[in-house]
Amino acid sequence: MPAHRCTTTKARLAKVYRSAARQIAEGGDLMEGLAGAANSLTTLLDALHRLAHAVGLDSAAPWRRLNSWAAFTDRRAAVIALHALADELGPVRLPPGYLTVNPARHDPIDFAHILALTTSGGKDSVVMEDVVCTRAAGQKALHKVVAIHNDLGTTGPQFSNLPVEWSGTTELARRQSARYGIRFEVTRRTGGGLFDQLLNQRKKFPSSAARWCTSDQKTNEGMKRVRHHARTARQQGVDHVIVYYLVGIRAEESSGRARKSEFVIDRAQSTRTRTVIRWHPLLDWSERRVWQHIRDRDLEYHPAYDAGMERLSCRLCVLATRADLVCAARLSPELTADYASAEQQLGHRFKKDLSIREIQDEAQRLGPITGVVPGAAIERHLSADTAPGPQPTGCSA
C-alpha cells in the first residue's frame, strides 16, 4: 500500500474508531455502532477487529462473517491490506471513561460509586426516587444515593419576596428523601436566584431556545455537588469514580426528550478520574403509569397537582402550557404581579406569543381556585375516561 494512502487511511481509521467506540460505550450495539460509523469495507473491518479486542469479545465470528462477505465480493486484497495496516497502527486514545464504562452492559446500582438523584419535588422526581431507592435498598446500596434539590430563590425584597418555586417544595422534597433514609442536599446559585438573574444579569426571560434557567440554576449547581462527591470518593481511595446523574424526564413529554437515550455519558463532566453518566430511569414511562405508581405506593406529592397543575416547576415557567400558567396565576396572584412588574421593567415579554399581563387578566377573570380536594390529581389522571392530551414541556414534573 502506498505511503500516502496508508497515512490517509490511518487518519480515517482513527476517526471511525473513535466514533464507533463512543456509540458502543454509550450503550449502542457493537455491530450497529460500527455500521453507523464506518463508510467502507476496510474501515469497518479494522474498527470491528480493534473494538472487539478492546471490549474483550472472545468470539471472532463477527469479523469472520465480514471476511467471508469480502471474499465473496472479490475484495480479499482489501482484507489482507486491512490486517497488515491494523497490525501497524498503534492504539487510538479515547476520551476518559470510554470502553471502561458501558451503561448498557453494567447494572447502574451495582456499578456506580455515586448515584446523584436530582429532585424537583414533582411527580416524576418522587416516582424516580422511589423506583431507584427501592432497587438500591434491595441491593444494599442506599448509601450510594444522594438527593439533590435546587432552590431557585425568591422574587426579592423589592417585590413580594415570594419563592419562585411552589411554596413548601423544598420541605416536600426533603420528606420524600427521608422516606428512604438517603442523604438530601439543597443547592442555591451563588450568583443569585432565578428572579435576581432575570432582572439584573440576563435581563430577559428564558425560552425553549435559551434555557439558562435550567443550565445556570439547576444543572450547574447539581454538577458542583457531583464534583464534590467525586473528590470525596477519590480521597477515600477510589481510583476512577463512576457517577450516575439521575433526571426524571420522560420521552412522551416532548420530541426533544423522546430523542434522548436512557444512558448518556456526559463528556463535558467526565475526566481521567471520574466518569459522569446521565441516567433517565423513567424515559419510557407514560404519565398515567407515573400516577398509578404514586397511588400504588402511596407517595406524597405537592397539592398544586390537586389544584389543577399538570407540572411542578417554577410556578410561572416559560415552558409551561397556557392552561398551567393561568392555573398558577389563579393560585399565586401576588407572584404573578411580581412577574408582571418584571416584564414591564425589562420591556421583554414573558413568552413571544404570551405576556404575563394576558395570563394575569385571564386569571383575574376566572377568579381564585378554592376547595381543592386531596387526591383529585390521582382521580383526574387515572379515571377510566381520561384520554391522553398534549404534553407540556416544562423543566420539572
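The values are calculated or read from the model by the stated rules, or taken from the named source; none is laboratory data. As the structure is a prediction and not an experimental result, all values here were calculated from the model. Here the Cβ is made from the backbone with ideal geometry for all residues, glycine too, and neighbour counts use every protein chain on show.
I'm trying to understand the selection: among the residues of the range 166-183, which are under 17 Å from Tyr305 (Cα atoms) and touching a residue at least 40 places away in the same chain (Cβ under 8 Å)?
We begin by selecting, within the range 166-183, every residue under 17 Å from Tyr305 (Cα atoms); these are 166-173, 176.
Answer for the range 166-183, where residues must be under 17 Å from Tyr305 (Cα atoms) and touching a residue at least 40 places away in the same chain (Cβ under 8 Å): Trp166, Gly168, Thr169, Thr170, Leu172, Ala173, Gln176.
For Ser208, indicate whether it is in a helix (DSSP H, G or I), among the hydroxyl-bearing types (Ser, Thr, Tyr) and loosely packed, with under 14 Cβ neighbours inside 10 Å.
Details: in a helix (DSSP H, G or I): no; among the hydroxyl-bearing types (Ser, Thr, Tyr): yes; loosely packed, with under 14 Cβ neighbours inside 10 Å: yes.
For Ser208, the condition - in a helix (DSSP H, G or I), among the hydroxyl-bearing types (Ser, Thr, Tyr) and loosely packed, with under 14 Cβ neighbours inside 10 Å - is not met.
Listed here are the residues, each with its yes/no results for (1) closer than 15 Å to Gly222 by Cα; (2) more than 21 Å from the chain's Cα centre (by Cα); (3) at pLDDT 95 or above.
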residue: Thr118; (1), (2), (3): yes, no, yes
residue: Gly122; (1), (2), (3): no, no, yes
residue: Val126; (1), (2), (3): no, no, yes
residue: Thr154; (1), (2), (3): no, yes, yes
residue: Pro157; (1), (2), (3): no, yes, no
residue: Thr187; (1), (2), (3): yes, no, yes
residue: Thr190; (1), (2), (3): yes, yes, no
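Condition first: in contact with a Lys or Arg (Cβ under 8 Å, 6 or more places away or on another chain), charged (D, E, K, R) and modelled with pLDDT under 90. Now tell me which residues in the range 247-269 satisfy that.
Across the range 247-269, the qualifying residues are Arg257, Asp266.
Inside the range 294-312, can you point out the residues that are hydrophobic (A, V, I, L, M, F, W, C) and part of a loop (DSSP other than H, G, I, E, B)? It would help to see each step written out before you state the result.
Taking the range 294-312 and keeping what is hydrophobic (A, V, I, L, M, F, W, C), we get 294, 299, 304, 307, 309, 312.
Leu299, Ala304, Ala307, Met309, Leu312, listed by residue number.
Just checking, does the range 131-143 include any residue being assigned by TED's automatic domain parsing to the domain that holds Ala233, under 22 Å from the mean Cα position of the chain (by Cα), hydrophobic (A, V, I, L, M, F, W, C) and surrounded by 24 or more Cβ atoms within 10 Å (Cβ to Cβ)?
yes
Just one of the numbered conditions (1) surrounded by 15 or more Cβ atoms within 10 Å (Cβ to Cβ); (2) part of a helix (DSSP H, G or I) is not true of Asp361; which one?
Here Asp361 clears every test but (1).
Which condition from (1) buried (at least 24 other Cβ atoms within 10 Å of the Cβ); (2) over 25 Å from Cys314 (Cβ atoms); (3) not small (Gly, Ala, Ser) is the one that Asn150 breaks?
(2)
Modelled with pLDDT under 95, buried (at least 19 other Cβ atoms within 10 Å of the Cβ) and over 24 Å from Leu382 (Cα atoms): does that describe Arg272? Talk me through it step by step, then tell me what you get.
On the way: modelled with pLDDT under 95: yes; buried (at least 19 other Cβ atoms within 10 Å of the Cβ): no; over 24 Å from Leu382 (Cα atoms): yes.
Taking the combined requirement at face value, the residue does not satisfy it.
Working carefully through the options Ala178, Ala258, Ala233, find the one that is under 17 Å from the mean Cα position of the chain (by Cα), among the hydrophobic types (A, V, I, L, M, F, W, C) and surrounded by fewer than 21 Cβ atoms within 10 Å (Cβ to Cβ). First the steps, then the outcome.
Details: Ala178 fails: under 17 Å from the mean Cα position of the chain (by Cα); Ala233 fails: under 17 Å from the mean Cα position of the chain (by Cα).
Every option except Ala258 fails the conditions.
Give Leu325, Leu299, Leu312, Leu316 a once-over and let me know the one that is at pLDDT 95 or above and touching a Ser or Thr at 6+ places or on another chain (Cβ under 7 Å).
Values: Leu325 fails: touching a Ser or Thr at 6+ places or on another chain (Cβ under 7 Å); Leu299 fails: touching a Ser or Thr at 6+ places or on another chain (Cβ under 7 Å); Leu312 fails: at pLDDT 95 or above.
Among Leu325, Leu299, Leu312, Leu316, only Leu316 is at pLDDT 95 or above and touching a Ser or Thr at 6+ places or on another chain (Cβ under 7 Å).
Answer yes or no: is there a residue in the range 334-341 that is in contact with a helix residue (DSSP H, G or I) (Cβ under 9 Å, 6 or more places away or on another chain), under 22 Å from Val126 (Cβ atoms) and not assigned by TED's automatic domain parsing to the domain that holds Ser177.
No; the residues of the range 334-341 include none that is in contact with a helix residue (DSSP H, G or I) (Cβ under 9 Å, 6 or more places away or on another chain), under 22 Å from Val126 (Cβ atoms) and not assigned by TED's automatic domain parsing to the domain that holds Ser177.
I'm checking my understanding of the structure. Among residues of the range 261-293 that are in a loop (DSSP other than H, G, I, E, B) and among the polar types (S, T, N, Q), which one is farthest from the chain's Cα centre (by Cα)?
Of the residues in the range 261-293, the ones in a loop (DSSP other than H, G, I, E, B) are 261-262, 266-273, 280-286.
From the residues that got through so far, the ones that are among the polar types (S, T, N, Q) too are 261, 269-271, 273, 286.
Values: Ser261: 9, Gln269: 13, Ser270: 15, Thr271: 19, Thr273: 22, Ser286: 17 Å.
Filtering the range 261-293 for residues that are in a loop (DSSP other than H, G, I, E, B) and among the polar types (S, T, N, Q), the one farthest from the chain's Cα centre (by Cα) comes out as Thr273.
Within the range 241-255, which residues are within 16 Å of the chain's Cα centre (by Cα) and assigned to a strand (DSSP E or B)? Quick ask: steps written out before the conclusion?
First, pick out the residues of the range 241-255 that are within 16 Å of the chain's Cα centre (by Cα): 243-255.
Within the range 241-255, Val243, Tyr244, Tyr245, Leu246 meet the criteria.
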